[in-house]
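A short worksheet on the structure shown next.
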Amino acid sequence: MTTEAGVLMVDDSAAQAIKALFKRQGREGCGFRISVKGGGCSGLQYEFSVAETPRPDDTVIEHDGVTVVVDPKSAVFVAGSVLSYERSLMKEGFAVKNPQAGQSCSCGESFSA
């Protein structure tokens, strides 16, 4: 397990949203896993899930009392990104601002590297 903030930054809005989500679900102390999977209209998409415990090869990012977990293959695609939580009239949810994304779809949920 690697503890590294260089792979991904977690902003305050994402940390607060993760805390609130896990409190509602009774999952305080769990990690928030970010994965990149094949799919979506641009070829790759982000997947968010609960990580009960990090795997030995995961990268673990700690910010403001929350733990974000990224597997090694996904870490390559999210390196340099920022995880945030956005609220607007059209959408509410987690967003990854990824400087590596060559293209992204209009919904913002898939990208190509």
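The values are calculated or read from the model by the stated rules, or taken from the named source; none is laboratory data. Since this is a predicted model, take the numbers as computed values, not measurements. Reconstructed Cβ throughout: ideal geometry from the backbone, glycine too, with neighbour counts over all protein chains shown.
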Query raised in the report: If you go through the range 31-51 one residue at a time, do you hit one that is farther than 15 Å from residue 73 by Cα, modelled with pLDDT of 95 or more and among the basic types (Lys, Arg)?
Result: no
Requested in this report: Evaluate the range 73-87: report whether one residue or more is part of a strand (DSSP E or B), exposed (fewer than 15 other Cβ atoms within 10 Å of the Cβ) and at pLDDT below 90.
Outcome: no
Report task. For residue 93, work out the one condition from (1) assigned to a strand (DSSP E or B); (2) out of contact with any Pro (no Cβ under 7 Å at 6 or more places or on another chain); (3) touching a residue at least 12 places away in the same chain (Cβ under 8 Å) it doesn't fulfil. Result -> (3)
